[in-house]
Structure formats: C-alpha cells, structure tokens
Amino acid sequence: MSESISPAIEPKPGHRVPAPAVHEDADHGGHDEHGHGAGPHLAHHFDTYQQQFDAGKLGIWLFLLTEVLFFSGLFCAYTVYRGMHPEVFVYAHYFLNTTMGAINTCVLLVSSLTAAWAVRNAQLAQRKLLVLNIAITIACACTFMVVKFFEYQHKFHDGLLPGPAFHPTEQVWELDAFKKKHPEAAEYAEKLTQLAEHKGDVSAVAGAIDLTRPVTGKFERPTEAQLEPLLKAGVIGPAAEDTTRPSKPRNAHVFFSIYFFMTGLHGIHVLAGIGVWVWLGIRANKGQFGPKYFGPIDYSALYWHLVDLVWIYLFPLLYLIH
Amino acid sequence: MANDDTPQNAEQPKSMQGSSEETPTIAPEDDATAPNPAFEPTEQDEPEQDEQADAVSEDPQQGHEKHEDHGLAHTMPIWMMLAVLGALMALTILTVSVTSFDLGSEGNLVVAMVIATIKAGLVVTFFMHLFWDKKFHLILFLTAVLFVILFLSMSITDRGEYQHNIDLYTNATTPAVGK
C-alpha cells in the first residue's frame with residue numbers, strides 16, 4: 001500500500017498551502033474546507049483521483065473479504081451436513097429444478113459480463129452504453145429473482161419448507177425426476193407402499209426392504225436397480241425415517257433449511273445489488289462518471305461478480321447432486 | 001552536519017505549527033509547480049500510468065479533457081470480456097451435462113467443484129481485474145480463500161471425530177424394525 005499512497009501525498013504541501021501568486025489557489029481558497037477542492041467528484045479528504053480510487057478499491061476488497069467469510073459459514077454447514085448425511089442430499093436434489101438453476105446461472109453470468117462492460121464504459125465516458133449495460137444488468141438481476149420466486153413458490157406449494165414446517169406433499173419416488181432416472185426403483189417403491197397401505201402386509205414389506213432379513217415368499221429378491229437408488233436416497237435402509245415402508249430420510253428438512261438459507265442470503269445480495277445498480281444507473285444517466293471518476297461503478301461491479309461467484313458454487317452444490 | 005541538523009529539526013515543528021507558514025524544505029517544490037496554472041494533483045501519477053494508458057487510448061470516444069487519456073485502472077478489451085463469458089457458459093453446459101455420467105459417489109462432486117473453481121478463477125482473474133490489479137488485492141482475496149479452507153477442513157475433521165457418538169445416538173433413538 002505504501003507505494004500507492006506516497007505519490008498521492010506528495011503534492012499535499014504544495015497544493016494546500018495558499019500562495020497568492022497562483023491563480024488556481026485563489027479559486028479554491030473559499031470552499032476548500034467543504035470538499036471538491038480539485039474537481040466535482042473528488043472528495044475533500046483525498047488529494048488525487050488516483051488516491052480516491054485506490055482507497056475505495058481497497059475498501060471494497062476488504063468488504064468482499066468479509067462477504068466471502070460470511071457465506072463460508074453456510075458453506076461449512078452444507079459441507080458438514082453433506083458429509084454426515086449424503087442420502088439427504090441425494091433425496092432432496094430430486095425436488096430441485098435443474099433447468100431453473102441452469103437458467104439462473106446463465107442469467108447471472110450475462111449480468112456479470114454487462115457489469116464488467118459497464119466499468120469499461122465508465123472508464124471511457126461512454127454514457128449511453130454505460131446506462132444500457134447497467135439496465136441489462138438490472139434486467140438480468142430481476143429475471144434471476146423472478147425465477148427464484150417461482151422456484152420458492154413451487155417449494156412452498158409442495159410443502160418443502162425448512163425445519164418443522166417440512167411436510168412434502170409428494171414422495172420422492174413419485175417425482176418425475178426420480179421416475180425418469182430410476183424407473184425400476186420408482187415402481188418397486190410404489191408397489192411396496194401400496195402393499196403396506198392397502199393390504200396391511202407390514203411385516204412382508206418390512207422384510208422386503210430390510211436387507212438383513214430373508215425375503216419372504218411374497219417377494220422375489222429385489223434387483224440392484226430396484227434397491228440401490230432407494231437406499232442412496234434414504235427411502236429405505238438404515239437412514240430412512242420409517243423402517244416398515246418406503247419413506248424419506250431422517251432430517252430431510254435440514255437440507256431445505258440449508259437450501260433456503262443459502263439461496264435466500266444470496267437472493268438478498270441480488271436484491272441489494274439491484275438497488276445499487278438502479279442508483280448508479282440514475283447517476284450514470286446524469287453523466288457523472290468518467291475516466292477520473294468511475295469508482296462506484298467499479299466497486300459495485302466487483303460486488304456483483306462476488307454474488308455471481310457465490311452462485312457459481314451454489315448451483316452445482318444444490319442443483320447438480322449426483 | 002550533525003551540528004547544523006539539530007537546530008533545524010528543533011525549529012521545524014514550530015514553523016509547521018505556525019499555520020500556513022512554509023518550511024524552507026517545501027519552498028523549492030512549490031516554486032516548481034507554481035508557474036503551471038493548470039496544476040492538478042493527478043499529474044503526479046501520470047508517469048506510473050503509462051503502461052495502462054495504452055488500453056484506454058485505443059478507444060476513439062475517450063476523454064474530452066487533456067489529462068483523461070490516462071486511466072486510474074486497467075480497461076478490459078471487449079473481446080476478452082466476451083471470451084470469458086463464452087468460457088463460463090461452456091463450462092456451465094459442461095458441468096450440467098457431466099451429471100448424467102456416473103463417476104462414482106465422490107467423482108461427480110469433485111468434477112463439479114473443479115469446474116466451479118475454474119469458473120470462479122475466470123471471474124476473479126478477468127471480470128474482477130485481479131490479473132492487472134494491485135497484488136495486495138489478490139493477497140486479500142487469497143487470504144479469505146485460505147481462511148475458508150481452514151474453516152471447512154477443521155470443521156470436517158471435527159465432525160469425523162464425533163461421528164461415532166452420532167451413530168450411537170441415532171441407533172438408540174431409531175424405532176425398532178417392524179416385527
């Protein structure tokens with residue numbers, strides 16, 4: 001840092017000390033105390049635009065550092081829980097819409113491009129392009145939130161809520177995503193459920209899904225294709241909530257707590273970003289940014305890229321569980 | 001010299017306190033800048049900005065003022081931004097399509113995380129300008145990453161330590177198999 005600060009400090013004595021012979025100082029003498037000593041956007045506590053820009057840049061990087069650590073708490077929760085209960089993540093990922101996640105990933109990437117482009121526009125004083133790029137960034141961010149809204153709405157409708165509110169209206173093997181991937185296992189789970197419900201043949205069903213016990217006469221030994229996906233998703237086996245029939249894994253609701261907290265915190269960041277970009281769009285439209293003063297655009301773009309960065313990790317971790 | 005210095009050093013603070021009065025050491029500097037009525041502090045930085053100025057001055061639309069062809073930071077060319085976006089999109093398609101292949105229980109997660117890290121690297125290096133930026137900002141960012149890694153690895157290690165107790169608890173509280 002010292003290298004960047006020292007050249008900026010140097011002109012201080014020469015600039016601040018009034019010298020009657022210099023015309024420049026006569027101009028600025030009157031309002032030097034209240035800022036804008038050397039230009040409309042140079043705050044009075046900075047000597048040069050370079051110093052002002054560097055100070056802001058350091059500030060935003062320190063903020064991003066805290067943001068990374070802020071999000072890391074939730075990533076830690078995710079990692080620990082996935083390590084403990086991999087079946088819960090396999091179970092839950094059938095409920096998530098990969099297409100919507102992928103669309104949102106692309107939308108955020110495009111908005112990252114326009115944000116980076118906006119910085120270039122501000123640096124080159126291209127006012128119209130700057131406003132356009134900010135507008136596209138805002139539009140992408142809003143698209144992201146709209147997609148997120150429909151995702152959340154769908155989850156609420158299906159009872160996929162965090163904590164004690166978690167009451168899924170559909171069993172995992174009834175979902176299209178599961179049926180498409182493991183048709184045999186879905187059929188098998190369906191058969192066992194019907195048997196347990198309608199015929200009350202609890203003991204036979206329990207025997208069929210408990211691999212440690214011999215299979216009774218009613219069932220043939222299930223094939224691996226029938227059993228393995230169910231075991232991995234915690235529908236049957238040691239991780240299942242109910243040992244007498246196909247069910248869901250214990251603590252499946254914890255996944256949705258993690259899901260809503262991670263995507264929710266990220267969504268709040270996107271909303272904050274929209275607010276910042278709207279404000280900057282208005283300022284950009286007034287032509288306030290140029291080669292010497294584009295810090296706010298640059299800093300906001302950095303923040304926006306970090307939000308994108310978090311989503312780059314969230315997408316595979318939440319939507320692409322194998 | 002040693003004898004001369006002592007009284008000077010003792011006097012300096014006094015003259016500094018005496019409001020706007022100038023010390024002898026500053027006076028020559030002031031004289032040098034005084035003849036230039038258009039003096040602006042940013043001029044001081046110009047020699048350092050020469051290598052960065054090239055990127056800016058490519059563009060015909062730039063700067064309407066004399067000093068503005070020297071930017072405060074690197075300007076990224078458009079082709080580079082589009083190339084980075086293309087790479088990010090391609091990697092997104094790759095990471096989605098790779099999930100349909102079974103690479104073992106850990107394999108898919110590792111591949112997904114490697115691809116995500118490459119994408120993150122592209123964003124940080126180019127979109128976030130760290131390639132051209134001050135190395136101190138890179139150090140700041142890597143410090144955050146380092147601490148996240150420390151945080152996660154310690155948490156995972158710790159979890160491994162008490163897994164046995166969790167298993168005991170789970171087995172004790174699980175209802176018996178239907179008999």
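The values are calculated or read from the model by the stated rules, or taken from the named source; none is laboratory data. Since the model is a prediction, treat every value here as computed from it, not as a measurement. Virtual Cβ from ideal backbone geometry, glycine too; neighbours counted across all protein chains shown. SASA here: full protein model, heavy atoms, side chains in, ligands and nucleic acids out. Shrake-Rupley method; radii C 1.70, N 1.55, O 1.52, S 1.80 Å.
Here are some notes:
- Karplus-derived 3J(HN,Hα) values for the stretch A:281-294, using 6.51 cos²θ - 1.76 cosθ + 1.60 with θ = phi - 60°, are x, 5, 5, 5, 5, 7, x, 7, 10, x, x, 8, 9, 10 Hz; glycine and proline are entered as x.
- Applied to the stretch A:251-266, the Karplus parametrisation 6.51 cos²θ - 1.76 cosθ + 1.60 on θ = phi - 60° returns per-residue 3J(HN,Hα) values of 6, 4, 5, 5, 4, 6, 4, 4, 4, 5, 5, 5, 5, x, 5, 5 Hz, with x for Gly and Pro.
- Whole-angstrom gap from the stretch A:36-76 to the stretch B:115-132, using each part's C-alpha centre: 20 Å
- Under Karplus coefficients 6.51, -1.76 and 1.60, residue-wise ³J(HN,Hα) of the stretch A:177-193 in Hz, glycine/proline x: 4, 6, 4, 5, 7, 10, x, 5, 5, 4, 5, 5, 4, 4, 4, 4, 5
- Taking amide hydrogens as placed 1.01 Å from N in the peptide plane, the amide H of A:Phe166 sits under 5 Å from those of A:Leu161, each at least 5 positions away in sequence or on another chain.
- Ordering of A:313-321, B:131-139, B:96-104 by burial proxy (mean other Cβ atoms within 10 Å per residue, highest first): A:313-321, B:131-139, B:96-104
- Working from label points 7 Å from Cα in the Cα-to-Cβ sense, the A:Leu175 to A:His44 distance is 6.0 nm.
- At q = 0.09 Å⁻¹ the log10 of I(q)/I(0) for the stretch A:62-202 amounts to -0.48, computed by Debye summation with a single uniform scatterer per C-alpha, solvent ignored.
- Protein accessible surface hidden between A and B, which excludes ligands and nucleic acids, total in Å², probe 1.4 Å: 6900 Å²
- Shielding by partners, peptide B:123-134 (average Cβ within 10 angstrom, other chains): 5
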